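Okay, structure first, notes after.
Derivation of every value follows stated rules applied to the coordinates shown; laboratory data play no part. Computed from a prediction, not measured in an experiment: that's the story for all the values here. Neighbour counts run over all protein chains shown; Cβ positions are idealised from the backbone, glycine included.
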């Protein structure tokens, strides 16, 4: 990557070195320079800066193939912390984590069925402030994942997908009270970030489905995540069935956790799957087939090369995932039938870890920004003419 301004180059290269240290573990200055194509003076300057900031520490000598014994460097995982909040429809989870994503403090509260923004906002603020007291070093920032339409600056919930919340400056309020930079992010976007940060997902093009109490999706295109305003859970797939959105026959009326529970006397989906009720098994089979049908439609529209299913229902035993995949393969166009459908590598932890992944990216590593710049740089023509 080339930059017109030296200060920009130094900032970007500092982030590149920091990310390399996070990914490689122990590594020498010479290897950093070689892997990132940096000259030795620039590498030394960046390393000294990171050492001074306390983000990096020197380890012992390492032996190389040529007999030299350079000093190894490593990221200090406890040098900074981040705070993540996942505001879910059933529970709200708070996590304090280090730079490697290790959870140091965890707290979970039941989310009210229809929380009032003032009261629930105050609860979120109090719990965030409570967790900050356990921090042994600087907290870089906070990320809050939730559902709905968010302001472009990530400070306010313009409208919540399931609650009557409008123009709620939640991130701004949390930042004022905690004195920490705070960002709101759509919860499925956060789950995609978790899949990439902690689940080892390397694909540059995939569709992610959060299949749980509600159903939502995000499409990852290599340098952007399209999640907000996704209406995947409200694709019309049935002639009847009143959805909570007010529509008729939405996918959620057949496949969402809330709909399955309402049909079977309030039992959870897990209880339905573990039981022997013929009616419950028929409902689950119908839910899987409806999901398969909707995935076909989404594949046609997005051109996704892979489909990842996350959330509680996606993590039932393998027979239900196979029902979805089988219906998809049997009914999709032959050009789409080979698209892999797999379960999230993080299983039911994607939602919880999502806000941590976003906080690490936004307030410390800025990995997505680096990937975007690298992707755009690689698409430049080799020879530009006027």
* Give the label of the value calculated from the structure for Cα extents along the principal axes in Å, choosing from (i) 69, 52, 49; (ii) 54, 49, 41; (iii) 70, 55, 38. => (i)
* Asked: In nm, to one decimal, how far is the modelled label at residue 109 from the one at residue 261, with both set 7 Å along Cα→Cβ?
  -> 1.9 nm
* To do: Using only alpha carbon positions, build the gyration tensor of segment 203-344, then give the equivalent ellipsoid semi-axes as the square roots of 5 times its eigenvalues, largest first, whole angstrom.
  => 24, 17, 14
* segment 65-115-segment 15-55 distance, computed between alpha-carbon centres (Å) -> 22 Å
* Asked: If you line up the long axis of helix 367-378 against the longest principal axis of the chain, both from Cα atoms, how many degrees apart are they, to the nearest 10?
  -> 80 degrees
* Inter-site label distance for residue 49 and residue 179 at 7 Å from Cα along Cβ, in nm -> 2.7 nm
* Structure fact -> Which of 47, 254, 85 fluctuates most in a GNM of the chain (C-alpha springs under 10 Å)? That residue is 47
* Structure fact -> Rounded to the nearest 500, the 222 nm mean residue ellipticity computed for the chain from DSSP H runs (n ≥ 4, each -39500 (n - 2.57)) alone is -12500 deg cm²/dmol
* **Two-site label geometry, residue 336 and residue 229: point separation in nm, points 7 Å out along Cα→Cβ** => 2.2 nm
* For a footprinting-style exposure proxy, rank 220, 162 by other Cβ within 10 Å, fewest first. => 162, 220
* Ranked 11, 93, criterion: other C-beta atoms within 10 Å, fewest first -> 11, 93
* **Helix 6-24 vs. the chain, principal-axis angle (Cα, 0 to 90°, nearest 10)** => 70 degrees
* Rounded to the nearest 0.05, what FRET efficiency is calculated for residue 369 and residue 276 with R0 set to 35 Å and r the Cβ-Cβ distance? -> 0.10
* To do: Within 10 Å of each residue's Cβ, count the other Cβ atoms and sort 191, 369 from fewest upward.
  => 369, 191
* Structure fact -> So the angle from the long Cα axis of helix 318-331 to the longest Cα principal axis of the chain, reported in degrees to the nearest 10, equals 80 degrees
* Contour minus Cα-Cα distance for residue 118 and residue 322 (0.36 nm per residue) -> 69.1 nm
* For q = 0.12, 0.22 Å⁻¹, what log10 I(q)/I(0) does segment 64-153 give under the Debye formula with an equal point scatterer on each alpha carbon and no solvent? -> -0.48, -1.11
* **Among 173, 287, 30, residue whose mean-square fluctuation peaks in a GNM of the chain (springs only between Cα atoms under 10 Å)** => 30
